[in-house]
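Derivation of every value follows stated rules applied to the coordinates shown; laboratory data play no part. Since this is a predicted model, take the numbers as computed values, not measurements. Note: ideal-geometry Cβ built from the backbone for every residue, glycine included; neighbour counts use all protein chains shown.
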């Protein structure tokens, strides 16, 4: 009889699978604001996965590197894109949203 994984191990595997799904969604999404949110969530998930003892040390190290990479991607997306003649689209959208609050 095989033993079933502990609940924490199952949750970690589910988080890993969900992160892969988010990465797929990121690649299919073109809207900058959505990509920013997805990249932030992916980075946060990799940070969580890198701290879980249910994964081997090599996997945790890989998750930590992936966290750094996705954090950098999110930071790059958070910087306003500027076009000649004015602020970027994301910057204008965020400014408009703040004015409505």
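Compute the convex hull volume of the Cα atoms of segment 7-100, divide it by the residue count, and report the result per residue in Å³ as a whole number.
On the way: hull volume 9.7 nm³, N = 94.
Value for segment 7-100: 103 Å³ per residue.
I'd like to compare 19-31, 65-77: which one has the highest average count of other Cβ atoms within 10 Å, and what's the full order after that? Can you show the working numbers first?
On the way: 19-31: 13.3, 65-77: 16.2.
The packing order, highest mean first, is 65-77, 19-31.
Taking 0.36 nm per residue of separation and subtracting the Cα-Cα distance, what length does fully extending residue 75 through residue 10 add?
Working it through step by step, the gained length comes to 20.3 nm.
Just grab the label-to-label distance for residue 47 and residue 31, each label 7 Å out from Cα along the Cβ direction, in nm (one decimal).
It works out to 2.4 nm between the two label points.
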